[in-house]
2 protein chains.
Amino acid sequence: MDESEYLATYDARAFACPLVCVDGVLFTYHEHCLKVLLVRRSAHPDMGRWGLPGGFVDIQEDRTLEDTVLRKLREKTGVAPPYVEQLFTRGNAVRDKRGWSVTVCYTALIAYQECAANIESVSDARWVDVLVADGMNLAFDHREIISAARARLRQKAQYSIVPAYALPEKFTLPELQHVHEVLIGKSLQKKSFRRRIEQAELLEELAEKRSEGGRPATLYRMRDVAGTYTFIRNIGE
Amino acid sequence: MDESEYLATYDARAFACPLVCVDGVLFTYHEHCLKVLLVRRSAHPDMGRWGLPGGFVDIQEDRTLEDTVLRKLREKTGVAPPYVEQLFTRGNAVRDKRGWSVTVCYTALIAYQECAANIESVSDARWVDVLVADGMNLAFDHREIISAARARLRQKAQYSIVPAYALPEKFTLPELQHVHEVLIGKSLQKKSFRRRIEQAELLEELAEKRSEGGRPATLYRMRDVAGTYTFIRNIGE
DNA sequence: CCAATAGTGTCTATCAGACATTATCTA
DNA sequence: TAGATAATGTCTGATAGACACTATTGG
């Protein structure tokens with residue numbers, strides 16, 4: 001039998017295969033806290049519980065796994081987040097009561113304002129403080145997945161400015177520093193923080209300033225390279 | 001309908017699902033080169049081509065995805081590698097001619113001696129220099145997967161001593177340094193290399209030495225913590 | 001003026017890079 | 001002794017930490 005014959009007669013359903021779904025851990029920064037997007041499950045299993053936005057791959061609709069996670073996030077937020085990165089994949093016989101299941105997990109970041117209107121208008125999706133989420137009884141293994149996403153993002157806060165994607169397009173350095181501080185879990189030296197960002201030329205200084213009770217802070221915007229830049233030395237250790 | 005009713009009547013095959021397989025990128029270090037384990041495909045599709053060890057998840061046999069990759073690697077090498085880490089997951093409609101497919105990829109490291117006998121005894125598995133593999137026409141998207149695994153391992157060589165898992169239990173510092181040099185693609189200062197490993201107390205110095213034409217080199221063994229330790233500053237930048 | 005927040009100056013500590021020097025083996 | 005490889009000494013440079021200082025706003 002040659003390959004074309006083999007393919008013509010191949011039946012993908014002949015062998016039992018795991019269920020394949022995708023989950024998105026979408027973070028934002030709002031009111032000095034890191035928040036994660038949770039949705040209330042409207043179907044079995046774990047109906048009524050809160051969990052991560054996600055669902056099965058639709059092999060008709062989606063061309064890639066990224067398509068799936070973007071589709072799921074857009075359903076809840078109305079937009080595509082500016083930062084989406086694969087976290088890891090978990091697959092085992094027990095995580096889903098329906099049977100052997102695999103979930104490909106993504107970490108995503110977005111500005112709060114970018115989708116606040118969409119989320120406030122629906123009752124089945126909510127921003128939840130990560131500290132609160134950590135104490136909730138979430139669906140499946142979603143609590144562990146959120147923990148792992150936070151841990152990874154914490155690492156990134158030490159050697160990149162990826163967390164800037166959790167802020168609006170224009171932001172101040174003290175704001176960005178505070179996002180990093182919340183992620184890392186300790187306060188940072190503002191001098192060190194500014195110095196490395198300036199030296200790597202990661203941000204574009206804007207003419208505008210923003211006042212917050214004291215001296216107005218300069219607004220910045222990320223340069224194109226900023227999302228992929230990694231420092232050779234960690235901050236906050 | 002309550003959850004138990006739902007689960008009792010749930011049919012996992014009712015919805016078309018991607019094929020789920022696992023691929024392992026097993027590296028070793030031998031004769032001053034980084035090698036990757038390739039196997040010759042004995043079945044369609046891409047029959048006859050070389051590719052990564054891997055295959056479908058067996059939902060009867062495997063409890064987790066790690067079980068699957070370990071099973072596949074053991075089939076080819078006879079042993080379980082001391083280092084296995086998930087790399088990423090690729091899933092799309094086109095990578096496998098049989099249809100929408102997802103592959104969960106793992107990077108693994110092992111000492112050459114650990115499985116040389118097993119691999120030499122079979123003709124369908126072979127260690128291939130990564131530079132050679134990069135020029136081969138491999139099955140599926142396996143060439144890209146190997147590239148990504150190398151890139152990730154290269155990063156790890158800069159801030160950890162994970163590459164030590166590609167060596168036997170006992171090894172010398174110049175040996176380890178050379179593995180890092182091959183991965184990073186440039187020579188390193190031996191003083192810098194030794195200094196950071198000594199300071200972090202990652203290795204246990206053994207009484208034995210090994211001679212290689214000049215002054216004998218001290219043998220070392222990894223401490224338990226050494227595999228997870230990360231330096232706060234990169235080497236070789 | 002004071003309080004608050006933004007931003008700078010400058011010293012120190014740590015650690016990688018560079019490279020000369022010493023140590024220990026074999027032929 | 002010469003050649004080879006292992007290991008150390010020591011200086012320099014880059015960059016994070018610490019913290020005092022100045023700058024710019026509102027009240």
Computed for the protein assembly as shown: size of charge dipole around the Cα centre, +1 on C-beta of each Lys and Arg, -1 on C-beta of each Asp and Glu, debye to nearest 20, value 1640 debye
Treating only Lys and Arg (+1) and Asp and Glu (-1) as charged, each at its beta carbon, one finds that chain B has a dipole about its Cα centre, in Debye to the nearest 20, of 1100 debye
Note the full-extension length gain between B:Glu61 and B:Arg196 as 0.36 nm times their separation in residues minus their Cα-Cα distance, in nm to one decimal.
44.2 nm
Expressed as cubic angstrom per residue, what is the convex hull volume of the alpha carbon set of region B:120-166?
93 Å³
Relative to the other copies, what are the label-point distances for A:Gln113, with labels 7 Å from Cα along the C-beta vector, expressed in nm at one decimal and sorted shortest first?
6.3
Zero-based 10 Å bins, Cα pair distances in region B:16-82, whole percents
19, 46, 28, 6, 1
Degrees, to the nearest 10: A:190-200 long Cα axis against longest axis of chain A:
70 degrees
Assigning unit charges at the beta carbon (Lys, Arg +1; Asp, Glu -1) and nothing else, what dipole magnitude in debye, to the nearest 20, does region A:1-43 show about its Cα centre?
560 debye
When chain A is treated as a Gaussian network with springs between alpha carbons less than 10 Å apart, the largest mean-square fluctuation among A:Asp141, A:Asp11, A:Asp23 is found at A:Asp11
Kindly write out, for region B:47-55 in residue order, the coupling ³J(HN,Hα) from the Karplus curve 6.51 cos²θ - 1.76 cosθ + 1.60 (θ = phi - 60°), rounded to whole Hz, with x marking Gly and Pro.
4, x, 6, 8, x, 7, x, x, x
Please arrange B:Tyr165, B:Tyr29 by counting, for each residue, the other beta carbons lying within 10 Å of its beta carbon, fewest first.
B:Tyr165, B:Tyr29
How high is the relative contact order of region A:41-161, in percent, with contacts defined as C-alpha pairs under 8 Å that are six or more residues apart?
25 percent
Give me log10 I(q)/I(0) at q = 0.07, 0.11, 0.12 Å⁻¹ for the protein assembly as shown, Debye formula, one equal scatterer per alpha-carbon, no solvent.
-0.43, -1.04, -1.19
Distant-in-sequence amide H partners of A:Met136 (H built 1.01 Å from N, under 5 Å):
none
Per-selection Kirkwood Rh - chain A (Cα, Å, 1 d.p.):
19.6 Å
Of all lysine pairs in chain B that are eight or more residues apart or on different chains, those with Cα atoms under 21 Å apart total 14
Subtracting the Cα-Cα distance of B:Arg223 and B:Arg126 from 0.36 nm times their residue separation yields 31.9 nm
Karplus couplings for region B:23-36 from phi (6.51 cos²θ - 1.76 cosθ + 1.60, θ = phi - 60°), rounded to Hz, Gly and Pro as x?
10, x, 9, 9, 9, 9, 10, 8, 6, 6, 10, 8, 10, 10
Counting only other residues whose beta carbon sits under 13 Å from that of A:Pro174, what net charge do I get with K and R as +1, D and E as -1?
+3
Placing each pseudo-label 7 Å from Cα in the direction of the beta carbon, A:Tyr112 and B:His30 end up separated by a distance in nanometres of 5.7 nm
Estimate the FRET efficiency between A:Asn137 and B:Asp11 by the formula 1/(1 + (r/R0)^6), using the beta-carbon distance for r and 22 Å for R0, to the nearest 0.05.
0.20
Assuming R0 = 22 Å, can you tell me the calculated FRET efficiency for the pair B:Ile232 and A:Gln189, based on Cβ-Cβ distance, to the nearest 0.05?
0.90
How far apart are the B:Gln199 label points across copies, placing each 7 Å from Cα toward Cβ, in nm, shortest first?
1.6
Surrounding charge for B:Lys35, neighbours by C-beta under 14 angstrom, Lys/Arg +1, Asp/Glu -1, total -2
So in the protein assembly as shown, what percent of DSSP beta bridges are antiparallel if you round to the nearest 5?
80 percent
Within 15 Å, Cβ to Cβ, of B:Glu144, how many net charges do the neighbouring residues add up to if Lys/Arg are +1 and Asp/Glu are -1?
+1
Calculate for the protein assembly as shown the 222 nm mean residue ellipticity that helices alone would give, adding -39,500 (n - 2.57) per DSSP H run of length 4 or more and normalising by residue count, nearest 500 deg cm²/dmol.
-9500 deg cm²/dmol
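Only the coordinates and a few stated rules stand behind these numbers; no lab work does. Source: prediction; values computed, not measured. Note that each Cβ is placed from the backbone with ideal geometry, even for glycine, and that neighbours are counted across all protein chains shown.
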